[in-house]
Every structure is written in C-alpha cells, then in structure tokens.
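See structure below.
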Amino acid sequence: MKKNLAKEERQELILFIISGVLVIIIALGILGYLKAQSPMQQAKKEAIALAKKHTDLIDVDEFYWYNRQQTYFSLVGSDKKGETIAVIVPKSGDKLTVLPQKEGITADKAKALVNNTFHSQTAKKAELGMYDKKPVWEVMTTDKQGQITYYLLSFEKGEEIKVIKDV
C-alpha cells in the first residue's frame with residue numbers, strides 16, 4: 001500500500017514539474033513573439049502619427065513595411081473626404097507621398113496580377129513603397145520548390161518594373 005502511495009506521489013510530482021516547464025516555455029514564447037513585434041508596432045505608430053500630422057489621413061486600414069532601395073512605411077486608409085488614400089512615409093520621416101487609391105491598384109489587385117500572369121507562383125504578400133522615386137507594389141511569391149521571387153509592379157497600372165528571382 002505504501003509503495004502505491006509513493007508511486008502516485010512521484011507521478012504527481014513529475015506531472016507538476018512537466019506542467020510548470022510547459023507554462024514557462026509558453027510564457028517565454030509569448031514574450032519572444034511580443035518583443036519581435038515591437039519594432040513593427042513602433043514603426044506603424046510613428047508612421048500613423050506623421051501621416052495624420054502632415055496629410056488628411058484619418059483612419060488606417062493597412063500598414064506595409066517596404067525594404068528595397070530604402071525603407072518605407074506605407075499606410076492605406078480614409079481621408080477627411082472619406083476617400084481611400086495611400087501614404088508612403090520614408091524611414092527618415094520627411095517628404096511623405098500621398099496617392100489617391102483610385103489612381104492605382106490595390107494590394108489584392110497586385111497579388112492577383114502576379115498570380116494570373118505567373119501561374120507557377122503563389123503571391124504571399126504585397127508591400128507598398130518607392131522604387132526609383134516611383135510608387136510600387138512589391139509582391140513576394142513562392143513556387144512549388146519554395147523559391148522566393150519578388151515582383152515590383154507600378155502602383156498606377158500594375159506594370160512589371162523589376163523581377164528579383166530565386167532569393
């Protein structure tokens with residue numbers, strides 16, 4: 001009888017230790033995730049503040065972080081007239097670019113253009129930024145082998161500007 005009781009106590013202790021270790025691992029994972037998201041959230045917060053201060057942007061629906069020749073933070077949202085605009089903010093914070101969305105294509109349209117043109121590729125995400133002083137959508141794709149390709153498309157018409165293959 002004492003042996004069974006001791007065995008049960010050991011099993012309970014082992015379960016308690018395993019549970020404690022799992023809780024610690026989960027907590028560390030959550031903290032790591034939050035810390036990794038911190039630069040993104042800070043960039044978004046600063047870009048929104050600059051855009052609201054220097055443009056008619058009121059509400060933000062989308063945030064993009066673009067890195068090609070330079071780093072840009074882009075926002076898509078509504079202005080005071082209720083129209084959809086895109087605001088491209090350089091990392092330096094000066095010379096914001098404001099684009100009426102109706103004068104260009106959306107992120108979804110950019111991804112659809114790439115998917116429809118390059119059937120072996122699957123568009124994963126699109127980022128809005130500037131390339132050679134022109135607004136572009138950078139569409140990242142993968143193929144069946146996992147190779148990554150970037151397509152730069154003009155904001156206005158979705159025309160292909162540059163392709164960076166097999167990254």
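Before moving on, here are some points about what is shown:
- Note on W65, W137: ascending count of other Cβ atoms within 10 Å places them as W65, W137, the fewest first.
- Candidates Q42, Q145, Q70, ranked by Gaussian network fluctuation over the chain, Cα under 10 Å, top entry: Q145
- Rounded to whole Hz, the Karplus (6.51, -1.76, 1.60) HN-Hα couplings of the range 133-150, x for glycine and proline: 6, 10, x, 9, 9, 9, 9, 8, 10, 10, 9, 5, 8, x, 5, 9, 10, 10
- Estimated from the Cβ-Cβ distance and a Förster radius of 45 angstrom, the FRET efficiency linking K52 and I30 is about 0.90.
- Look at where the Cα atoms of the range 135-159 and of the range 94-128 average out, and the two centres are 8 Å apart.
- Qualifying aspartates and glutamates (Cα of each under 15 Å from Cα of K125; at least 8 residues distant if same chain): E62, D108, E138, D143
- Those trypsin sites (Lys or Arg not before Pro) in the range 57-131 that DSSP places in a loop and that have at most 12 other beta carbons within 10 Å: K80, K81, K95
- Selection of GluC sites (Glu not before Pro), the range 81-167, meeting DSSP coil and at most 14 other Cβ within 10 Å: E83, E156, E159
- The range 32-144, relative contact order in percent, only Cα pairs under 8 angstrom and at least six apart counted: 19
- In Hz, Karplus ³J(HN,Hα) per residue of the range 9-14 (6.51, -1.76, 1.60; θ = phi - 60°; x = Gly, Pro): 5, 5, 5, 5, 5, 4
Taken together, the values in this text are just the output of simple stated rules run on the coordinates, not laboratory data. As the structure is a prediction and not an experimental result, all values here were calculated from the model. Glycine gets a Cβ as well: all are built from the backbone with ideal geometry, and neighbour counts include every protein chain shown.
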